[in-house]
Amino acid sequence: SGRFELSYSNQQRGDALADDRVSNRDFFIRWNHQQDAKAHPFRRFSASVTAGSSTFLSNNSFATTQFLQNQLNSSISYNQSFPNSPFRISLAARHNQNTQTKQINLTLPEGSLSMNRIEPFKRKVQLGEAKWYEKIGVTYQTNFRSTTQAPDSNFFSEALLKNFNGGIQHSLPVSTAAIVVARYLQFTPALTYNERWSMRQYDRYYDDTARIVRTDTVDGFYRNYDYSFSLSLNTRIYGLIQTKKGRLAALRHVLNPRISYLWRPDFSDPNFGFFQRIQTDSLGNTRLYDRFGGIGYGGAGSGRSNSINFSLDHLVEGKWRTRTDTGQI
């Protein structure tokens, strides 16, 4: 169900032979679409679009609610899952517009491709107890987004394309179910890898003449990444105390100690090439700059992690005897 409406106006005012000739060409689009939930089991599509030239409502509407409206918003979405497959895809486009400032913000396209957890080393025919490597699971997700902003006068111009800021981000977490060690200890390793693609990066340098840091935007294909590794070790210790007298029949406590380790390298290291250390003044002071900060999905981030954490949970439970009708315990 839905509705599509396209409006166009061409207003001419003044004398064609005089200097006061004014010509206004405006358009406006209203589109709403809603898919019935029963239409398709694996596919969804919806649209809500309100867009047009900034002067259309003021030139063509006499309704106060429309004449004074200065914010226009649109969104279109498409979702698809695949039967008998761990993959699903999502696509979207968004738009918002201010008719007073005549500024348009556009996100096109935006979406994701994701994969549910799979166990690639698991045997198709399970015989006996599963090996530890058969419990290794992998999930995957790709996000992509491209945004731009410009005044409506440049909306269909080449300048709009040059302002596009987009990127693609891949995420690949690898983990396994808890591995039992020495009968009572559970050992869980995990590895996370992220990679980002962009069509530009920043190149900075110190201008000795002006004594300022200048920034150049370099077009091309660039990638940056980060990864981390973690380990956790935990167990449970149970204790039980039973009594024969009194209201308290039994007391049980559970201790859950946990030790975890996280390692992540410093991606501001010059060997990675994701950061620049640039002189900032005539005294020779320097500063670390991210080549991908503010571009697409950003950069890897600086700082090294090499930490061990310890936690202890303690649960205490009690069981009470109930009284009989005669008042005896």
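The set of residues from the range 45-73 being under 12 Å from F28 (Cα atoms), in a strand (DSSP E or B) and free of Cβ contacts under 8 Å to residues at least 40 places away in the same chain comprises T50, L72.
Based on this model, can you work out whether A39 counts as open to solvent by less than 50 Å² (accessible area, probe 1.4 Å), out of contact with any Gly (no Cβ under 7 Å at 6 or more places or on another chain) and part of a loop (DSSP other than H, G, I, E, B)? Against the criterion (open to solvent by less than 50 Å² (accessible area, probe 1.4 Å), out of contact with any Gly (no Cβ under 7 Å at 6 or more places or on another chain) and part of a loop (DSSP other than H, G, I, E, B)), A39 does not qualify. Every listed requirement among (1) polar (S, T, N, Q); (2) within 30 Å of S23 (Cα to Cα); (3) free of Cβ contacts under 8 Å to residues at least 40 places away in the same chain is met by T139 save one, (2).
Each residue in the range 219-247 was checked for being open to solvent by 60 Å² or more (accessible area, probe 1.4 Å) and either of a type outside the set (D, E, K, R) or part of a loop (DSSP other than H, G, I, E, B) (or both), and 13 pass. Checked against the criterion of being touching a residue at least 12 places away in the same chain (Cβ under 8 Å), more than 30 Å from T142 (Cα to Cα) and not hydroxyl-bearing (S, T, Y), the candidates V218, V180, V174, V254 yield just one match: V254.
Just so you know, in the range 90-103 the residues that are open to solvent by 50 Å² or more (accessible area, probe 1.4 Å) and in a strand (DSSP E or B) include one that is farthest from S54 (Cα to Cα), and it is L91.
Considering only residues in the range 181-214 that are of a type in the set (V, I, T) and surrounded by 12 or more Cβ atoms within 10 Å (Cβ to Cβ), the one that is farthest from the chain's Cα centre (by Cα) turns out to be V181.
Scanning the range 104-131 for residues that are in a loop (DSSP other than H, G, I, E, B) and crowded, with 16+ Cβ neighbours inside 10 Å turns up nothing. Sub-6 Å Cβ pairs linking a first residue in the range 261-279 that is more than 30 Å from T188 (Cα to Cα) and of a type outside the set (A, V, I, L, M) to a second residue that is open to solvent by less than 50 Å² (accessible area, probe 1.4 Å) and not in a loop (DSSP other than H, G, I, E, B), at least 6 apart or interchain, are F274/N224; F275/D290; Q276/R204; Q276/Y289; Q279/Y206, ordered by first then second residue. The set of residues from the range 251-304 being of a type in the set (A, V, I, L, M, F, W, C), assigned to a loop (DSSP other than H, G, I, E, B) and open to solvent by 40 Å² or more (accessible area, probe 1.4 Å) comprises F272, L283. When the range 98-152 is filtered for residues that are charged (D, E, K, R), in contact with a Lys or Arg (Cβ under 9 Å, 6 or more places away or on another chain) and within 30 Å of V174 (Cβ to Cβ), the ones remaining, listed by number, are E110, E119, K122, R123, K131, E134, K135. Taking the range 12-36 as the range and being more than 45 Å from the chain's Cα centre (by Cα) and surrounded by 10 or more Cβ atoms within 10 Å (Cβ to Cβ) as the test, the residues that pass are Q12, G14, R21. Just one of the listed residues (T55, T50) is among the β-branched types (V, I, T), modelled with pLDDT of 90 or more, open to solvent by less than 70 Å² (accessible area, probe 1.4 Å) and out of contact with any helix residue (DSSP H, G or I) (no Cβ under 7 Å at 6 or more places or on another chain), namely T50.
The values are calculated or read from the model by the stated rules, or taken from the named source; none is laboratory data. Values in this document were obtained by computation on a predicted structure and should not be read as measured data. As a convention, Cβ positions derive from the backbone with ideal geometry for all residues, glycine included, and neighbour counts pool all protein chains shown. Ligands, DNA and RNA are stripped out before the accessible areas are found, and what is left, the full protein with its side chains, is counted by its heavy atoms. Shrake-Rupley method; radii C 1.70, N 1.55, O 1.52, S 1.80 Å.
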